[in-house]
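The next block holds one structure in the form of structure tokens; read it before the comments.
A short reminder: the numbers here are calculations on the coordinates, not readings from a lab. The structure presented is a predicted model; accordingly, all values stated were derived computationally and were not measured. Cβ placement follows ideal geometry from the backbone for every residue including glycine, while neighbour counts extend to all protein chains displayed.
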Amino acid sequence: MSAPDFVKMQELLMRELRLMHYPVAIKYFFNQAELDAFRKDQPHYSPVKPLTFCQAEIGARMEGITVLLEREKLGCTNAQFVFGWKGLDEGEAKSHIKYCVDADQAKRVVAGKPRLPENTLLAVAVGPLAMTVGTPDVVHFYCDNMQAYHILGDWMATQDVHPFRPSMSVNSAACGGNVFAYNEKQANLFLACSGSYNAGKTERGEINVAIPGGHMQPLVERLQKRIDEKGGASITRLGEPFPGADICKNCPLIVFKKEGEADKA
């Protein structure tokens, strides 16, 4: 298998899946030398003020820039906990009570979130897939339902996974959903949390898909093979460009009658 070409990969995904947002390449830095090399060699931006993780991703998926997010510039306690930059304190548990039946459950909910080992992460970078240097840890898609269906369908096929069992945490969508994919080395599908829906600007109802970076090449090669052999990217209507003909399957059969009435011709 040849080395992945992330520029061509992004072009193909954007064109064939009709993505509105750039796929976000996520890199977690645990090694100081690796972080120093990134600072030196990779053009990047830093937030002027502390941001949530999902706000930092706006730079990558909407503005097409690479953003380096460091501890002092992460202004979200949920993400701070998920990234191992703070422990489970009373305030964090209390902020989750609204999702839970009582305070004890709130503590268990927070404690059960996907998490990086405490105080090991140095920084996290997010940027468009085409601008990544080396294979990203996770690729995060903000997409619609049918785009997610195609991305995950190809991931399941190439990784021989069925059924697919995603993981979602309350109040930690983009941060926790991607850390889960990184920790478990598997794809993830998750909804926006209340913070990422607003702060992350997902008012179109986008759904989140996370794919381990090392799984992207076979996924995209399967997509390309379908185009080459069938004439289009669609799985659901082979040969059609994505997303295929927008019609209901078996439309003439979707009819109803009131019980007790004779069948109408």
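Give the number of residues within segment 1-15 that are surrounded by 13 or more Cβ atoms within 10 Å (Cβ to Cβ) and assigned to a loop (DSSP other than H, G, I, E, B).
The total comes to 2.
Within segment 67-91, can you find the residues that are outside any loop (DSSP other than H, G, I, E, B) and crowded, with 20+ Cβ neighbours inside 10 Å?
First, pick out the residues of segment 67-91 that are outside any loop (DSSP other than H, G, I, E, B): 67-74, 77-82, 90-91.
Matches in segment 67-91: VAL67, LEU68, LEU69, LEU74, ASN78, ALA79, PHE81, VAL82.
Identify, please: which residue in segment 22-69 is farther than 30 Å from GLU203 by Cβ and of a type in the set (Asp, Glu) and is, among those, nearest to the chain's Cα centre (by Cα)?
Looking at the filtered set, the residue picked out is GLU34.
Considering only segment 16-37, how many residues are in contact (Cβ under 8 Å) with a residue 40 or more places away in the chain and outside any loop (DSSP other than H, G, I, E, B)? Write out each step before concluding.
The initial filter retains those residues of segment 16-37 that are in contact (Cβ under 8 Å) with a residue 40 or more places away in the chain, namely 16-32, 35.
Pick out the ones that are also outside any loop (DSSP other than H, G, I, E, B) and you get 16, 24-29, 32, 35.
The total comes to 9.
Please determine whether any residue of segment 93-105 is small (Gly, Ala, Ser), under 18 Å from SER194 (Cβ atoms), over 18 Å from the mean Cα position of the chain (by Cα) and loosely packed, with under 12 Cβ neighbours inside 10 Å. Spell out how you get there, then give the answer.
Of the residues in segment 93-105, the ones small (Gly, Ala, Ser) are 93, 95, 103.
Remaining after also requiring under 18 Å from SER194 (Cβ atoms): 93, 95.
Still in the list and also over 18 Å from the mean Cα position of the chain (by Cα): 93, 95.
Then keep just the ones that are loosely packed, with under 12 Cβ neighbours inside 10 Å; that gives none.
Within segment 93-105, not a single residue is small (Gly, Ala, Ser), under 18 Å from SER194 (Cβ atoms), over 18 Å from the mean Cα position of the chain (by Cα) and loosely packed, with under 12 Cβ neighbours inside 10 Å.
Which of the residues spanning segment 38-58 are touching a residue at least 60 places away in the same chain (Cβ under 8 Å) and either surrounded by fewer than 16 Cβ atoms within 10 Å (Cβ to Cβ) or over 20 Å from ALA192 (Cβ atoms) (or both)?
PHE38, ASP41, GLN42, HIS44
Quick one: in segment 181-238, which of the residues that are of a type in the set (Gly, Ala, Ser) and closer than 16 Å to LEU152 by Cα is surrounded by the most Cβ atoms within 10 Å (Cβ to Cβ)?
We begin by selecting, within segment 181-238, every residue of a type in the set (Gly, Ala, Ser); these are 181, 187, 192, 194-196, 199-200, 205, 210, 213-214, 231-234.
With the extra rule that they be closer than 16 Å to LEU152 by Cα, the set shrinks to 181, 187, 210, 213-214, 233-234.
Working: ALA181: 28, ALA187: 25, ALA210: 26, GLY213: 21, GLY214: 14, ALA233: 24, SER234: 21.
My answer is ALA181.
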